[in-house]
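Student: Structure incoming, see below.
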Amino acid sequence: MKYFLFLNHPKGEEVYRVSEEREEMLREHFSRVNILETEVIMRGKRYKAIVDYTAFSNLANFDCFRCQDPCCADNPVIYEKVTREFILNNIESYNEKTKNIDILLESGYEVEEIVESIKKDSCMVPEETVENEISLCTCSFKPNNESVLCSLHSMCLEKGLGAKDIVEKKPLVCSLWPIDIISEEDESLLYITVPDDFTTGFTIEDYYDTPCVNRELTQSSKFRRKNPKGFLEDEYVPLIMAYGETLKYSLGEKFCNEVKERLLAENLIFAEELDIEEKQILKK
Ligand code: SF4
Ligand code: SF4
């Protein structure tokens, strides 16, 4: 099996391959929980999917502006053409945020080499500068001394683009993070879930340790000592709402509607919660 969202990771198979032990845990989990069989559309391609849908009623709060977790620490994919073109068309804004062009000029690269690197290199900067001169993910930037944000996302917002464009220009794994998708070897079937106490043994990393999907963690004094202002308890909402627009454009409307229907029918979310709008994706 493969971690589907990481199939295009610059480090290849060592990242996306699911170990036998984890595969066993995943199959065991999906044989025990209630599942929804549906279809998702990712980057224009249809896939059959089995969804651990109750996990989408877990509470989430993507308070990225007040987060200190390094979730943009490394490059998650070999970037798609659409991302490269977006950067080249908005190079000043990209450099203003990331400083990448200035850093490469200071390191002795010529303008033509830098442009060529954005067009061709896996991480859009020369290989030897990845996570060295260009620390963290190539596209990340620090708006202050605390948080790390995504320049692609911020550039979209500056240009007044909506959720659909943001999802198109950012790597899919970033839009969906930390939702996990695991596929059969031949990609004939996908298994979709969310990190929580039950799935954390087989999802790609121990993502449950992150504040956006773990409200309990954020209420501890240890967390509050580090982060006194973010992740307020009453700002957590069911994940299917917290990521409403993102899920619609990443996985398709059919997926969103069917998950919502099931959760409503089982009283895992309530009709009044359907009015909650996703805030994070359009937050500036
Ligand atoms: S996605 Fe989660 S871990 Fe990453 S910056 Fe946002 S709140 Fe923090
Ligand atoms: S969200 Fe943006 S900055 Fe963060 S890992 Fe993805 S591409 Fe990089």
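Student: Within region 162-171, how many residues are at pLDDT 95 or above, more than 13 Å from Asn90 (Cα to Cα) and either surrounded by 18 or more Cβ atoms within 10 Å (Cβ to Cβ) or of a type in the set (A, V, I, L, M, F, W, C) (or both)?
Tutor: Of the residues in region 162-171, 5 are at pLDDT 95 or above, more than 13 Å from Asn90 (Cα to Cα) and either surrounded by 18 or more Cβ atoms within 10 Å (Cβ to Cβ) or of a type in the set (A, V, I, L, M, F, W, C) (or both).
Student: Output the number of residues of region 11-33 satisfying the condition of being surrounded by 11 or more Cβ atoms within 10 Å (Cβ to Cβ) and either out of contact with any strand residue (DSSP E or B) (no Cβ under 8 Å at 6 or more places or on another chain) or farther than 27 Å from Thr138 by Cα (or both). I'd like the intermediate steps shown before the answer.
Tutor: Our first condition is that a residue be surrounded by 11 or more Cβ atoms within 10 Å (Cβ to Cβ); within region 11-33, this holds for 11-12, 15-18, 22-30, 33.
Now drop any that are not either out of contact with any strand residue (DSSP E or B) (no Cβ under 8 Å at 6 or more places or on another chain) or farther than 27 Å from Thr138 by Cα (or both), which leaves 11-12, 22-30, 33.
Residues in region 11-33 being surrounded by 11 or more Cβ atoms within 10 Å (Cβ to Cβ) and either out of contact with any strand residue (DSSP E or B) (no Cβ under 8 Å at 6 or more places or on another chain) or farther than 27 Å from Thr138 by Cα (or both): 12 in total.
Student: Please determine, by comparing only the residues of region 120-131 that are surrounded by 14 or more Cβ atoms within 10 Å (Cβ to Cβ) and of a type outside the set (S, T, N, Q), which one is modelled with the lowest pLDDT.
Tutor: Taking region 120-131 first, the residues surrounded by 14 or more Cβ atoms within 10 Å (Cβ to Cβ) are 121-126, 129-131.
Narrowing the set further to residues that are of a type outside the set (S, T, N, Q) leaves 121, 123-126, 130-131.
On the way: Asp121: 98, Cys123: 97, Met124: 98, Val125: 98, Pro126: 98, Val130: 96, Glu131: 89.
It comes out as Glu131.
Student: Restricting to region 185-210, give me the number of residues that are within 14 Å of ligand 1 (Cβ to nearest atom) and in contact (Cβ under 8 Å) with a residue 40 or more places away in the chain.
Tutor: Just the residues of region 185-210 that are within 14 Å of ligand 1 (Cβ to nearest atom), to begin with: 194-195, 205-210.
Pick out the ones that are also in contact (Cβ under 8 Å) with a residue 40 or more places away in the chain and you get 194, 210.
Residues flagged as within 14 Å of ligand 1 (Cβ to nearest atom) and in contact (Cβ under 8 Å) with a residue 40 or more places away in the chain within region 185-210 amount to 2.
Student: Can you tell me which residue within region 145-184, out of those that are among the β-branched types (Val, Ile, Thr) and within 14 Å of ligand 1 (Cβ to nearest atom), is nearest to Ala55 (Cα to Cα)?
Tutor: The initial filter retains those residues of region 145-184 that are among the β-branched types (Val, Ile, Thr), namely 148, 166-167, 173, 179, 181-182.
Of the ones still in play, those that are also within 14 Å of ligand 1 (Cβ to nearest atom) are 148, 166, 173, 179.
Working: Val148: 27, Ile166: 24, Val173: 18, Ile179: 10 Å.
My answer is Ile179.
Student: Working carefully through the options Asp63, Asp52, find the one that is touching a residue at least 24 places away in the same chain (Cβ under 8 Å) and within 16 Å of ligand 2 (Cβ to nearest atom).
Tutor: Numbers: Asp52 fails: within 16 Å of ligand 2 (Cβ to nearest atom).
Every option except Asp63 fails the conditions.
The values are calculated or read from the model by the stated rules, or taken from the named source; none is laboratory data. This one's a predicted model, so the numbers in the text were calculated from it and none came from an experiment. Neighbour counts run over all protein chains shown; Cβ positions are idealised from the backbone, glycine included.
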